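Presented below is the structure to which this report refers.
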Amino acid sequence: TRPMDRLVCGDVGFGKTEVAMRAIYRAVANGRQAALLAPTGVLASQHFKNVVKRMGEGTRFNKRITLLRGGMSRRTKAGAELREKILNGEIDVIVGTHSLISSDMEYKDLGLLVVDEEQRFGVKQKERLKLICGGIDVLTLSATPIPRTLQMSLSGIRDTSTIRSPPPMRKPTITYVQDFNKDIVKLAIGNELDRGGQCYYVVPRISMLQDAENLIKECFPSIRIIRAHGRMSRSTAEDNVAAFAEGDYDVLLATTVIENGVDIPRVNTIIIQESQIFGMSTLYQLRGRVGRSDLQGYAYLLH
């Protein structure tokens, strides 16, 4: 009688995306379209790959899935063609960033909208969602919901569910908070490389990337480093994160573009430089990038 508006809360890496995947499948299996909205291109492209792997063409479910990313506006040829297909119902699942909720976006029969990392969207965007979502089921996911969202949950405007238990075999991440020095960096990266893993190295500003790279190269001359930050040309950051996920590099040197939802189980050490500059929810999200398998994760917050 009334559409769903449910917030799923759960710690980082507890399986919120898995719940969303199954909801999306139920929606498209019943003949409706589903949309998955993510705050960053890096996260959207990762979700896209996962959805394709699980229910895309070539699997036994054989659903048609597309990625709508920044730079594919209605004015571009590719963007116009894709919107045409969505409107004609030729696409089952649409994964994308803010363009999914832009005013020129039309769907044939949208049944479910999943909003990942809900805390990264502003009030205006959420109001826009309400306009689009008249009569559509909405599932929002967040590990660190903002007070406004919590208020809505507590007052009963939104239903809320909490995932309380971690996946089996999951170990809590060990967190160190200490003064920055070169020896700590050397020890942390060295230990991770010795067990055949990979590391994240996060700095607050793009201008600090070069110094950080020099420091790591000083400690480990032959180490393979790749970068990801928000000023890279379209899709470069996504491609770099993908190459890192394939295991081609030892260290991903990044700004907070990896804060939300990047899921690479092989990476189990994160070093955060100048951690006093970041806010609580950012640090919490960053720490959640490691320890996503049965291996012990380590987070170093250096100040």
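Cβ-Cβ below 7 Å, separation at least six or inter-chain, first residue in region 166-179 and assigned to a loop (DSSP other than H, G, I, E, B), second of a type in the set (Val, Ile, Thr): which pairs? What qualifies is THR173/VAL290. Checked against (1) free of Cβ contacts under 8 Å to residues at least 60 places away in the same chain; (2) out of contact with any Phe, Trp or Tyr (no Cβ under 9 Å at 6 or more places or on another chain); (3) exposed (fewer than 14 other Cβ atoms within 10 Å of the Cβ), ALA29 passes all but a single condition, namely (2).
So that you can scan it fast, the table gives a plain yes or no per residue for (1) touching a His at 6+ places or on another chain (Cβ under 8 Å); (2) open to solvent by 20 Å² or more (accessible area, probe 1.4 Å); (3) in a helix (DSSP H, G or I):
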| site | (1), (2), (3) |
| --- | --- |
| LEU43 | no, no, yes |
| HIS47 | no, no, yes |
| LYS63 | no, yes, no |
| ALA80 | no, yes, yes |
| SER99 | no, yes, yes |
| LYS108 | no, yes, no |
| GLN119 | no, yes, yes |
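Take the residues in region 121-145 that are touching a Pro at 6+ places or on another chain (Cβ under 7 Å) and outside any strand (DSSP E or B), then tell me which one is modelled with the lowest pLDDT. Among residues in region 121-145 that are touching a Pro at 6+ places or on another chain (Cβ under 7 Å) and outside any strand (DSSP E or B), the one modelled with the lowest pLDDT is GLY135. With (1) touching a helix residue (DSSP H, G or I) at 6+ places or on another chain (Cβ under 6 Å); (2) at pLDDT 90 or above as the list, and ASN88 as the residue in question, which single condition is left unmet? Condition (1) is where ASN88 drops out. Pairs are defined by a Cβ separation below 9 Å, a sequence spacing of at least 6 or placement on different chains, a first member in region 196-225 that is more than 24 Å from TYR284 (Cα to Cα), and a second member that is loosely packed, with under 15 Cβ neighbours inside 10 Å and not charged (D, E, K, R); the pairs so defined are CYS219/GLY190; PHE220/GLY190. Screening the candidates ARG205, ARG224, ARG170 for the property of being touching an Asp or Glu at 6+ places or on another chain (Cβ under 6 Å) and among the basic types (Lys, Arg) yields one hit, ARG224.
Screening SER142 against (1) of a type in the set (Gly, Ala, Ser); (2) closer than 14 Å to ARG32 by Cβ; (3) crowded, with 18+ Cβ neighbours inside 10 Å leaves a single unmet condition, (2). Which of the following residues is of a type in the set (Lys, Arg), modelled with pLDDT under 95 and assigned to a strand (DSSP E or B): ARG2, ARG74, ARG6? After applying the criteria, what remains is ARG6.
Restricting to region 50-61, and then to whatever is exposed (fewer than 14 other Cβ atoms within 10 Å of the Cβ) and basic (Lys, Arg), can you tell me which residue is nearest to GLU18 (Cα to Cα)?
Across region 50-61, the extreme among qualifying residues is LYS53.
The values are calculated or read from the model by the stated rules, or taken from the named source; none is laboratory data. Please read these numbers as outputs of a predicted model, since none were measured by experiment. Glycine gets a Cβ as well: all are built from the backbone with ideal geometry, and neighbour counts include every protein chain shown. With ligands, DNA and RNA removed, areas are computed over all heavy atoms of the protein, side chains included. Shrake-Rupley method; radii C 1.70, N 1.55, O 1.52, S 1.80 Å.
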